[in-house]
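Structure first, commentary second.
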Amino acid sequence: MPMKRRLRERPAAAAGPERRRRRAAAGWALVVHGGAGEPGQGASEERHERAVREALARVLEEGGAALAAGASSLDVVEQAVRALEDSPLFNAGRGAVFNAHGEHELEASIMDGRTLRAGAVANLRGIKNPVTLARWVMERTPHVCLEGEGAVAFARAQGMELVGPDYFWTEHRWKALKAARLHTQEEPGATPEHGTVGAVALDRRGDLAAATSTGGRTNKLAGRVGDSSIIGAGTYASNASCAVSCTGHGEYFIRVAAARDVCALMEYAGEDVRSAAARVVHRRLGRLGGKGGLIAVDRGGEIACVFNTATMYRGAVTRDSDVRVAVRRGQGL
Ligand code: ASP
C-alpha cells in the first residue's frame, strides 16, 4: 500500500543525516574545574596542588567511565560536582569558605542542555551537596531557583540529609577568613581564590549539561549571591551551542551574563566554542576588570578552558584522549 511504503520510506530518507548526527554524537567529553586564582607559594602549596590534581583526575576517571558506558551528561556533571563537594580541598560543600559572620552559605546550579531545564540554590546552610538540591529544584518543583530557609525546608521535606556547621569547618578556610578581616580595605573577592568547582559534559546521545558549586567568597556579606547559582552567569547549557561552568569574581560574571554569553556568541554570531569563550573572558570580563575563567564543551566534543588569572585548576577526558589535568597556562588544556 502506498501509505505503508511512505511510512517505510521516511526513516530511510532520514537515515543519512541522522546516522551522521549519531556518529558525531557518539563521542563524549567531560571537563571539570576546581577554581581560578593566583598561585600560592611554598611546600604546603605544592602539596595542595598535588592533592587537587589527584582529586580532579579521580573525578575525571569515574565520570569518563560513566560517559563511555552511556551515562547521561546530566548525571555525570552532578556526580562529578558532588565528589568535589565532598572533598575539603575545594570551596564547595565541605571545604566552603567562611562569610563575614564566620558562617557558610553555599550555592550551586545545574542545567540540562537538551531541555533547557535548570535548577539553582543559594544561601544554603547545612546542605552537604548543594548540586543535588539544585537538581531536585529542577526536577521536583516548578521553579528554577530556591534560596535560604525555603531551600533548606524543601531539602528537609524531600528527605535530604542535613549536616551541622562543624561539617564545613576547615582550618585553612578559617585562617583565610582571619587574614581577609585584616585586609578590610580590599573588596571581598577582588582577588579570586581557588576552589569553586564545576563540570560540563557531552554524552553519547549528543546531550550537553553543566553544573557549578561554591561557598562563594571569603568574608562575603551574609546573604550575598554569586554567579554560581545564577543560570546564565555561572552556569549554562544548550544543545544548540555548548555547556559552560564559570569560576572567578562572581559579580563580574553576573554583569556580563558570562555563561550564556558564550552560548549566544556561538548561536548568533557563529563563533566556535574556543573563540567565544576567549572573547567573554579576555574581552568582556577583562575590560571590566573581572578575574576568573570558564570551561566549556560543545556538541562536537570541542573543549575550551580559558582564564585571565595566573592559574585555573582544570582537567578533561574525552572518548579520544585520556585524563589530563592542568593548572597553569600552556599545559595542554
Ligand atoms: N564565582 C564564585 C563566586 O563569586 C567564586 C569563585 O568561582 O571563585 O561566588
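Structure data summary
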{"quantity": "Shape parameters for the chain, alpha-carbon atoms, Rg then Dmax in Å", "calculated": "19.9, 84"}
{"quantity": "Alpha carbon convex hull of region 94-237, volume per residue in cubic angstrom", "calculated": "109 Å³"}
{"quantity": "The chain: calculated mean residue ellipticity at 222 nm from DSSP helix runs of at least 4, using -39500 (n - 2.57)", "calculated": "-11500 deg cm²/dmol"}
{"quantity": "Base-10 log of normalised Debye intensity for region 95-135 (one unit scatterer per alpha-carbon) at q = 0.18, 0.20, 0.24, 0.28 Å⁻¹", "calculated": "-0.52, -0.60, -0.76, -0.91"}
{"quantity": "Burial order of peptide ranges 315-325, 143-153, 89-99 (average beta-carbon count within 10 Å, highest first)", "calculated": "89-99, 315-325, 143-153"}
{"quantity": "Whole-percent carbon and sulfur share, accessible surface of the chain, 1.4 Å", "calculated": "51 percent"}
{"quantity": "Kirkwood estimate for region 192-263, i.e. one over the average of 1/r between Cα atoms, Å", "calculated": "12.4 Å"}
{"quantity": "For region 109-184, diffusion coefficient by Stokes-Einstein and Kirkwood Rh (Cα), 37 °C, 0.692 mPa s, µm²/s", "calculated": "238 µm²/s"}
{"quantity": "0 to 90° range, to nearest 10: angle between helix 258-269 axis and the chain longest Cα axis", "calculated": "30 degrees"}
{"quantity": "Surface accessible to a 1.4 Å probe, per residue, for the residues of region 193-333, Å²", "calculated": "33 Å²"}
{"quantity": "Listed residues ALA209, GLY195, THR170: farthest to the positive end of the dipole of the chain (Cβ charges)", "calculated": "ALA209"}
{"quantity": "Relative compactness, region 33-102, computed as alpha-carbon Rg over 2.2 N^0.38 Å", "calculated": "1.28"}
{"quantity": "Rg/Rh (Cα only; Kirkwood hydrodynamic radius) as it applies to region 238-291", "calculated": "0.95"}
{"quantity": "Compactness of region 240-333 as Cα Rg over 2.2 N^0.38 Å, two decimals", "calculated": "1.02"}
{"quantity": "Degrees, to the nearest 10: 148-157 long Cα axis against longest axis of the chain", "calculated": "60 degrees"}
{"quantity": "Alpha-carbon Rg/Rh ratio, for region 19-175, with Rh computed the Kirkwood way", "calculated": "1.01"}
{"quantity": "Degrees between helix 2-25 axis and first principal axis of the chain (Cα, 0 to 90, nearest 10)", "calculated": "40 degrees"}
{"quantity": "Among 199-210, 59-70, 39-50, 76-87, the order from most to least packed when residues are scored by Cβ within 10 Å on average", "calculated": "199-210, 76-87, 59-70, 39-50"}
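The values are calculated or read from the model by the stated rules, or taken from the named source; none is laboratory data. All values reported here derive from a predicted model rather than from experimental measurement. Glycine also receives a Cβ, built like all others from the backbone with ideal geometry; neighbour counts cover every protein chain displayed. Only protein heavy atoms, including side chains, enter the accessible area calculation; ligands, DNA and RNA are left aside. Shrake-Rupley method; radii C 1.70, N 1.55, O 1.52, S 1.80 Å.
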